[in-house]
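**Student:** Below you'll find the structure I mean.
The values are calculated or read from the model by the stated rules, or taken from the named source; none is laboratory data. What you see is a predicted model; the values in this text were computed from it and never measured. Positions of Cβ are backbone-derived with ideal geometry, glycine not excepted, and every protein chain shown enters the neighbour counts. The accessibility values were calculated without ligands, DNA or RNA, using every heavy atom of the protein model including side chains. Shrake-Rupley method; radii C 1.70, N 1.55, O 1.52, S 1.80 Å.
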Amino acid sequence: MISTTEIKNCLAKEKSTVFKLNYTPEQKKCFKEFDIQKKQTFSYYGKVNDIDSTDFLAGIGNNSASSVKILNSAIKQLASEVCKGYGKNHAWIDIRITRPSKYFDIPRWHQDGPFFIANQEEREQLQTKFITSLKGPGTLMLNATKAEKQAYLELSRNAKNLNHFFDIEYRKMVAEIFKHRKVHQLSNNQGLIFVVGRDTALIHSEPPMTETRIFVSVLPGTESQIKALETRWNRK
């Protein structure tokens with residue numbers, strides 16, 4: 001699926017990098033045919049080899065136990081290989097299942113902030129995240145010019161709506177800033193490791209949801225980092 005060396009090479013570049021994922025014919029068939037009837041998200045924080053999304057996957061559509069097993073195993077393998085490349089054995093893993101919708105017809109262009117913020121040193125360290133879509137449309141991304149990024153940051157800071165990432169009028173204004181940029185979209189056989197939490201963080205968005213989608217994200221970290229993230233987000 002992914003080699004440890006390839007992940008390490010991507011991380012060594014210290015910039016957002018797209019690379020190929022190699023699935024078996026059985027896995028590809030499963031992804032393509034997997035039935036989706038519900039929009040749901042599965043979030044896991046912990047030791048990567050302990051993740052089990054079987055019950056979650058079994059509840060989202062009319063699929064055989066065999067198909068659920070194949071998909072669950074593929075996601076676990078994917079997350080484990082990403083973490084191995086990072087040299088970590090813990091992670092925050094999200095599986096987002098979506099159905100067709102017009103909600104993202106206007107992109108939600110944004111940059112991710114830092115995930116690990118225990119201290120200033122940790123905040124300033126290079127932080128990256130892995131994403132891919134096993135089924136359905138892939139994530140959108142663009143390379144903005146310095147002037148465009150500055151305009152975007154100023155607009156973001158001055159937005160009065162605290163939920164402006166999800167505000168349609170705000171999204172229209174951001175889309176206007178980037179209207180001359182070529183938009184790139186991940187395919188189902190591509191993974192992306194992208195920078196977060198700094199000026200060079202990738203500007204990206206969910207794609208138009210024209211069909212059902214299985215999206216997977218993996219954020220590797222130390223045990224303490226992942227526990228701190230879970231505590232902060234879930235208020236444990």
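**Student:** For labels at K13 and H180 in the simple 7 Å Cα→Cβ model, what's the distance in nm?
**Tutor:** 2.6 nm
**Student:** First check a/c for the range 98-153, with a ≥ b ≥ c the square roots of the eigenvalues of its C-alpha gyration tensor; if it is under 1.5, answer rounded, and if not, answer prolate when a/b is larger than b/c or oblate otherwise. Can you show the working numbers first?
**Tutor:** On the way: a/c = 2.51, a/b = 1.43, b/c = 1.76.
Verdict is oblate for the range 98-153.
**Student:** Sticking with this structure for a sec: Once all Cα-Cα distances of the range 82-208 are split into 5 Å bins that start at 0, what whole-number percent is in each one?
**Tutor:** Percent of pairs per bin, in order: 2, 9, 17, 21, 21, 16, 9, 4, 0.
**Student:** Further question on the same structure: Non-local amide H neighbours of R108 (under 5 Å, H modeled in plane, Pro and chain starts lacking H): which ones?
**Tutor:** Close amide H contacts, sequence-distant or interchain: E206.
**Student:** Carbon and sulfur: what percent of the range 1-59's accessible surface (1.4 Å probe)?
**Tutor:** Looking at the range 1-59 in its full context, I get 45 percent from C and S.
**Student:** Provide the gained length on full extension for the span D167 to K38, in nm with one decimal, where the gain is 0.36 nm per separating residue minus the Cα-Cα distance.
**Tutor:** On the way: separation 129, 0.36 × 129 = 46.44 nm, distance 2.40 nm.
Result: 44.0 nm gained on full extension.
**Student:** Hey, another quick one. Pull out the extension gain between Q150 and S187, defined as 0.36 nm times the separation in residues minus the alpha carbon to alpha carbon distance; nm, one decimal. Mind showing how you got there, number by number?
**Tutor:** Details: separation 37, 0.36 × 37 = 13.32 nm, distance 2.89 nm.
Taking 0.36 nm per residue and subtracting the Cα distance, the gain is 10.4 nm.
**Student:** How long are the semi-axes of the ellipsoid equivalent to the range 1-76, from square roots of 5 times the Cα gyration tensor eigenvalues, in whole Å, largest first?
**Tutor:** Numbers: eigenvalues 143, 49, 28 Å².
The three semi-axes for the range 1-76 are 27, 16, 12 Å.
**Student:** Kindly flag which residue pairs out of K29/K102; K29/K182; K29/K69; K32/K84; K28/K76 have an alpha-carbon separation exceeding 24 Å in this structure. It would help to have the intermediate numbers written out before the result.
**Tutor:** Working: K29/K102 27 Å; K29/K182 31 Å; K29/K69 13 Å; K32/K84 27 Å; K28/K76 15 Å.
As for pairs spanning more than 24 Å Cα to Cα, those are K29/K102; K29/K182; K32/K84.
**Student:** From the helices alone, meaning DSSP H stretches of at least four residues, give me the mean residue ellipticity at 222 nm for the chain, per-run term -39500 (n - 2.57), in deg cm²/dmol to the nearest 500. The partial results should precede the final answer.
**Tutor:** On the way: 8 runs with 85 residues, N = 236.
Value at 222 nm, helices only: -11000 deg cm²/dmol.
**Student:** Efficiency by 1/(1 + (r/R0)^6): what FRET value for T4 and T200, r their Cβ-Cβ distance, R0 = 22 Å, to the nearest 0.05?
**Tutor:** Details: r = 25 Å, r/R0 = 1.12.
So, using R0 = 22 Å, E works out to roughly 0.35.
**Student:** Provide the FRET efficiency to the nearest 0.05 for the K102-S66 pair, computing r from the beta carbons and using R0 = 45 Å. The partial results should precede the final answer.
**Tutor:** Numbers: r = 34 Å, r/R0 = 0.75.
About 0.85, to the nearest 0.05.
**Student:** Over all alpha-carbon pairs of the chain, lay out the pair-distance distribution in 10 Å bins, whole %, shortest bin first.
**Tutor:** Going from the shortest bin to the longest, the percentages are 7, 30, 37, 22, 4, 0.
**Student:** Counting only protein heavy atoms and a 1.4 Å probe, tell me what percentage of the range 161-214's accessible area is made up of carbon and sulfur.
**Tutor:** On the way: 1460 of 2790 Å².
Carbon and sulfur together cover 52 percent of it.
**Student:** Could you work out the relative contact order of the range 1-116? I mean the mean sequence separation of Cα pairs under 8 Å and 6+ apart, divided by the number of residues, in percent. Kindly include the intermediate steps, with their values, before the conclusion.
**Tutor:** Working: 120 pairs, mean separation 42.3, N = 116.
Averaging sequence separation for qualifying contacts and normalising by length gives 36 percent for the range 1-116.
**Student:** Right, next: Per residue, how large is the accessible surface of the chain? Use a 1.4 angstrom probe and give square angstrom.
**Tutor:** Working: 12380 Å² over 236 residues.
Computed with neighbouring chains in place, this is 52 Å² per residue.
**Student:** When averaged across all projection directions, what area in nm² does the alpha-carbon convex hull of the range 156-236 cover? Before the final figure, lay out each step's value.
**Tutor:** Numbers: hull surface 32.5 nm².
With the hull built on Cα positions only, its mean projection is 8.1 nm².
**Student:** In percent, how large is the relative contact order of the chain, given Cα pairs closer than 8 Å and 6 or more residues apart?
**Tutor:** Rounded, it is 33 percent for the chain.
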